[in-house]
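Below: one structure, written as structure tokens.
The values are calculated or read from the model by the stated rules, or taken from the named source; none is laboratory data. Remember, predicted model here, so these are calculated numbers, not experimental data. Backbone-built Cβ (ideal geometry, glycine too); neighbour counts: all protein chains shown. Keep in mind that these areas ignore ligands, DNA and RNA; they rest on the heavy atoms of the full protein, side chains included. Shrake-Rupley method; radii C 1.70, N 1.55, O 1.52, S 1.80 Å.
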Amino acid sequence: MMKKVLKEVLGVDVAQKELVVTIGRMFDDLSIELYAHKVFKNNEAGFSALLDWIKKLSSNEFKVRFVMEATGIYHQKFAFYLYDHGREVTIVLPNKISNYIRTLENKTITDKSCSEAIAQFGLERNLDQWHRPKKIFHVLQQLTRERDQIVSERCIVKNQLHAEESEVEPNERSLQRLNERIHLLNKQEKEIKADLEMIVNGDANLNTEIKRICSITGIGKLTAIIVLAETNGFELIRNKKQLTSYAGLDVKEKQSGTSVK
């Protein structure tokens, strides 16, 4: 008697230039089979070739769930491409996959074994479907991340300035250049804040949402914008515990016997 396929998942290990993929399926007896593996380029030609490959392998290509890690920015084009082509996508935080891999017997970590683990993870779990971020939240994310980079760079330059000023005989030209860089970074941060202000004021719903978040003690406008940008307007956030965990602010207790605390 033939077993019935309950679900199919394509696990994707994303790198800058390539997509390492493994496709697997779960049967009605809950057994899992990882039955094909391939590598594609991480560009539009590679995306198209991957979908053609899936079409040949799967009995119902549109029911295959694509599961991938959030790998910096390298997964974004592929995720957007799949969503625009009507495919089901799930994006998982890297720490979840890392923790899952530790539970497996395979001790060898390669791109292929990672894609296999992601496929198996997707088959075993009931995962939320990813939705393409609204354009406004994507733009806010780009701007707030750019500002974060500017703040980090300015901190480095200020430390360099302090070190130069503490020299026995500071180099005046070096001091001038460092101050000019700080002035430029200050100017760029102001421009980004002005862009954010214009976007927020141009969207009544977003403005109302930010004001509601800012009613929380200790939350300022910039923090509210960052939270909305990084969560796509709380698109997949179900409760406060999930948001706290997503931000990495949840306290975890580890205690065993009398020596481990």
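Some observations on this one:
- Filtered residue count, the range 26-61, keeping only those that are under 19 Å from Glu88 (Cα atoms) and touching a Lys or Arg at 6+ places or on another chain (Cβ under 7 Å): 4
- Residue within the range 159-171 that is within 26 Å of the chain's Cα centre (by Cα) and open to solvent by 90 Å² or more (accessible area, probe 1.4 Å) present: no
- Yes/no for Phe121 being assigned to a helix (DSSP H, G or I) and under 30 Å from Leu206 (Cα atoms): no
Condition check ((1) under 23 Å from Trp130 (Cα atoms); (2) touching a residue at least 12 places away in the same chain (Cβ under 8 Å)) across all residues:
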position	(1), (2)
Val12	yes, yes
Tyr35	no, yes
Asp52	yes, no
Met68	yes, yes
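- Selection of the range 100-147 for residues being surrounded by 16 or more Cβ atoms within 10 Å (Cβ to Cβ), under 30 Å from Leu222 (Cα atoms) and among the polar types (S, T, N, Q) yields Gln141, Thr144.
- Residue list for the range 85-99, filter: outside any helix (DSSP H, G or I) and surrounded by fewer than 18 Cβ atoms within 10 Å (Cβ to Cβ): His85, Gly86, Glu88, Leu93
- Among (1) more than 15 Å from Ala15 (Cα to Cα); (2) open to solvent by 20 Å² or more (accessible area, probe 1.4 Å); (3) part of a helix (DSSP H, G or I), the one test that Leu82 misses: (2)
- Highlighted here are the helices (runs of 4 or more DSSP H) found entirely within the range 198-261 that include at least 2 residues which are modelled with pLDDT of 80 or more and open to solvent by less than 50 Å² (accessible area, probe 1.4 Å): 204-214, 221-230.
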